[in-house]
Amino acid sequence: MIHAKLFTQAPEYRKKFTLENTPPEDRPLIAQVCGGDPETVLQASLLLEPYCDGIDINCGCPQQIAKRGKYGAFLLEETDDLLELVHLLLAHLSVPLSVKVRLLPAETRDESVEQSLHLYRRLVNAGVHMLSIHGRNRHQKGPKIGQADWPAVKAVVDLLGHRIPILANGSMANAQDCVECL
């Protein structure tokens, strides 16, 4: 996860993410960017674009620093801002754009899945090329982490999987977890 503001403003931070010499066996390579300011995320993405095969917007980070910066999982709850960012990046990037998301928090699981599906459909309709679904909401972290909601991820695949790739993420610590998720 590359912090857009630090990447564009701090040369020492930028050096940590040198992608120029990425070996062929590490391709395809997707650079994941986080940030709350669309222009800064665009600047960082344009700097990364020549060295990667895609850009991913991180809307999965549930940490307080992401809340303060209005990025990560907190950007999911600012739908207009997220869609503005997606449209801006799609208008300027020549590589595919993906978004890593979590489930939206809601009163019930069914509401969470319904609201999340509505948002994901809007992202796909806007033109994103892939979604990675974490399978948890932003409150599920630390001691409250719980199991990822793989049936919710399946609902996304059922709704949108014929249009773009959908990746499952979360609760996969070994090969058996991956088999169970599939």
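The values are calculated or read from the model by the stated rules, or taken from the named source; none is laboratory data. Owing to the predicted nature of the structure, the values given are computational and were not obtained by experimental measurement. Reconstructed Cβ throughout: ideal geometry from the backbone, glycine too, with neighbour counts over all protein chains shown. The accessibility values were calculated without ligands, DNA or RNA, using every heavy atom of the protein model including side chains. Shrake-Rupley method; radii C 1.70, N 1.55, O 1.52, S 1.80 Å.
Some points to look at:
- Flag if I65 is open to solvent by less than 40 Å² (accessible area, probe 1.4 Å), on the phi < 0 side of the Ramachandran plot and free of Cβ contacts under 8 Å to residues at least 60 places away in the same chain: no
- Filter result for the condition that a residue is under 25 Å from L48 (Cα atoms) and touching a strand residue (DSSP E or B) at 6+ places or on another chain (Cβ under 7 Å), over L131, L160, L83: L131
- Total residues in the stretch 54-99, condition in contact with a His (Cβ under 7 Å, 6 or more places away or on another chain) and under 14 Å from R138 (Cβ atoms): 1
- Flag if D26 is at pLDDT 95 or above and either of a type in the set (D, E) or farther than 20 Å from G170 by Cα (or both): no
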